[in-house]
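Here's the structure, in structure tokens; my notes come after.
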Amino acid sequence: MRLVLWIVLAVIAFFGFMNWPVLNAPVPLWIGVTTITAPLGTLMLVLFGILVLLMLIEQSAALGETRRYGRDLDAQRKLADQAEASRFTELRNYLAGELTRVEHRSADLQKTLIAHVDRLEVTLRTALDQQGNSLAATIGELDDRLEQRAPNGGPRRS
């Protein structure tokens with residue numbers, strides 16, 4: 001686009017240079033209040049130049065504003081990236097804390113479960129010992145009864 005503008009400006013400059021005597025010829029001009037004699041072509045070229053200069057100034061101001069917006073946008077993007085990184089770090093720390101808490105709770109539950117199983121084992125062993133003793137006592141009692149029923153000196157069953 002800039003190349004096209006430079007080409008147009010070059011064509012206008014060439015046209016003005018080739019027709020300079022005509023552009024520089026004085027003619028009567030009405031300026032609203034009075035009439036003056038001035039070269040209309042030169043006046044139009046000067047006004048065109050002022051217009052081009054004003055447009056260049058406006059374009060450079062717009063370009064500067066665009067660059068400022070770009071810098072502001074980069075700064076905001078960096079802030080957003082930092083905030084997001086901070087949230088990720090916070091989330092990572094939270095998850096690590098939760099994982100540690102779950103591991104401790106799991107270890108506590110495992111210890112509680114092992115203690116409960118140990119108590120059940122002791123209770124079961126005690127019950128088995130009691131059952132064994134009760135069974136031995138019952139067998140002994142039955143053996144005594146059999147001995148009492150058997151005739152004296154008779155063969156004893158084994």
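Laboratory data are not the source of any read-out in this text; all were calculated from the coordinates shown. Treat the numbers as computed from the prediction; the structure is a model and nothing was measured. Ideal geometry is used to build each Cβ from the backbone, glycine not excepted, and the neighbour counts take in all protein chains shown.
Per residue of the chain, what 222 nm ellipticity follows from adding -39500 (n - 2.57) for every DSSP H run with n ≥ 4, rounded to the nearest 500?
Only helices count here, giving -31000 deg cm²/dmol.
Work out the length of the dipole vector of the chain about its Cα centre, built from +1 on the beta-carbon of each Lys and Arg and -1 on the beta-carbon of each Asp and Glu, and round it to the nearest 20 debye.
Computed charge dipole of the chain: roughly 260 debye.
Per residue of the stretch 60-65, in order, report the coupling 6.51 cos²θ - 1.76 cosθ + 1.60 (Karplus, θ = phi - 60°) as ³J(HN,Hα) in whole Hz, putting x for Gly and Pro.
For the stretch 60-65, the Karplus-derived couplings read 5, 5, 5, 5, x, 5 Hz, x marking Gly and Pro.
With r defined as the distance between the Cβ atoms of Ala13 and Ala75 and R0 fixed at 35 Å, what FRET efficiency is calculated, to the nearest 0.05?
After rounding to 0.05, the efficiency reads 0.25.
Using r as the Cβ-Cβ distance of Val4 and Leu40, and R0 as 35 Å, what FRET efficiency do you calculate, to the nearest 0.05?
Taking R0 as 35 Å, the efficiency between Val4 and Leu40 is 0.80.
Sorted from largest down, what three extents in whole angstroms do the Cα atoms of the stretch 2-147 have along their principal axes?
Each principal axis gives a Cα extent; for the stretch 2-147 these are 161, 31, 20 Å.
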